[in-house]
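Inspection log for the structure reproduced underneath, given as structure tokens.
The values are calculated or read from the model by the stated rules, or taken from the named source; none is laboratory data. In this text, all values refer to a predicted model and were calculated from it rather than measured experimentally. FYI the Cβ positions are ideal-geometry reconstructions off the backbone, even for glycines, and counts take in every protein chain you see.
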């Protein structure tokens with residue numbers, strides 16, 4: 001009895017060869033696109049670390065702290081909130097800026113984050129910061145790899161992660177005005193889990209964008225920068241929450 005659907009009868013050798021070549025091109029293009037995202041993200045993290053260490057070693061970090069109250073100085077508050085302004089500009093103005101401008105703003109954001117995070121080197125020992133960084137890097141790499149390779153659709157995680165993120169921000173605000181040790185540790189644990197999930201989710205989302213923008217061109221470069229920004233934020237937040245567990249205070 002004849003087979004109702006026989007691929008051998010419907011796909012010619014020429015068509016099969018074309019499909020094979022398209023698959024190779026797709027794989028090469030996707031690798032190139034994802035590599036650019038990871039390169040931007042890694043360069044941002046590296047720049048943040050360099051700026052933080054230079055600020056701490058030179059003593060410039062003290063300009064961010066009010067010597068009387070121990071709280072952030074005027075410059076400290078400016079450095080703290082300036083990165084958020086850049087993120088908003090990138091998100092809402094990306095369509096009107098060139099890819100070169102987007103890259104410059106991303107690196108400016110990473111540098112400002114380094115200045116802001118330099119204060120943690122006054123709180124935690126250098127060895128515990130380094131240990132936490134490498135632990136975060138290992139966890140991030142594993143989660144991002146899983147998000148890239150899994151066949152499971154992670155879109156269903158979006159609403160759960162968003163609700164968790166909003167709840168996390170509310171809990172952090174409460175703990176800011178009414179400090180509590182147990183609540184602080186719970187917030188840190190929840191924060192680690194949320195940004196671990198976001199790492200896998202964002203990686204899959206960034207990968208799916210390749211279908212729409214490809215690996216070359218102005219739009220693809222800007223999308224790659226925004227993907228790097230998302231992964232950068234996942235990494236930095238996971239690092240900060242994990243530091244509360246692993247960090248040894250001075």
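If you check 181, 139, which single one turns out to be surrounded by fewer than 19 Cβ atoms within 10 Å (Cβ to Cβ) and closer than 15 Å to residue 246 by Cβ?
Numbers: 181 fails: closer than 15 Å to residue 246 by Cβ.
Only one candidate qualifies: 139.
Could you go through the stretch 193-207 and let me know if any residue there is part of a helix (DSSP H, G or I) and farther than 25 Å from residue 34 by Cα.
No: zero hits.
Inside the stretch 214-232, can you point out the residues that are buried (at least 17 other Cβ atoms within 10 Å of the Cβ), assigned to a helix (DSSP H, G or I) and touching a residue at least 60 places away in the same chain (Cβ under 8 Å)?
From the stretch 214-232, those buried (at least 17 other Cβ atoms within 10 Å of the Cβ) are 215, 220-232; that's our starting set.
Next, only the ones that are assigned to a helix (DSSP H, G or I) stay: 220-232.
Within the stretch 214-232, 220, 221, 222, 224, 225, 226, 227, 228, 229, 231, 232 qualify.
Assess whether residue 112 counts as being more than 19 Å from residue 224 (Cα to Cα) and at pLDDT 90 or above.
Judged against the criteria, residue 112 is a match.
Of the numbered conditions (1) surrounded by 14 or more Cβ atoms within 10 Å (Cβ to Cβ); (2) under 18 Å from the mean Cα position of the chain (by Cα); (3) within 24 Å of residue 133 (Cα to Cα), residue 86 fails exactly one; give the number of that condition.
Exception for residue 86: condition (3).
Given 45, 24, which one is at pLDDT 90 or above and part of a helix (DSSP H, G or I)?
Matching residue, one of 45, 24: 45.
Residues in the stretch 129-148: is at least one without any contact (Cβ under 8 Å) to a residue 60 or more places away in the chain and assigned to a loop (DSSP other than H, G, I, E, B)?
No; the residues of the stretch 129-148 include none that is without any contact (Cβ under 8 Å) to a residue 60 or more places away in the chain and assigned to a loop (DSSP other than H, G, I, E, B).
With the requirement that a residue be surrounded by 12 or more Cβ atoms within 10 Å (Cβ to Cβ) and not in a helix (DSSP H, G or I), what does the stretch 154-177 give you?
Answer for the stretch 154-177, where residues must be surrounded by 12 or more Cβ atoms within 10 Å (Cβ to Cβ) and not in a helix (DSSP H, G or I): just 154.
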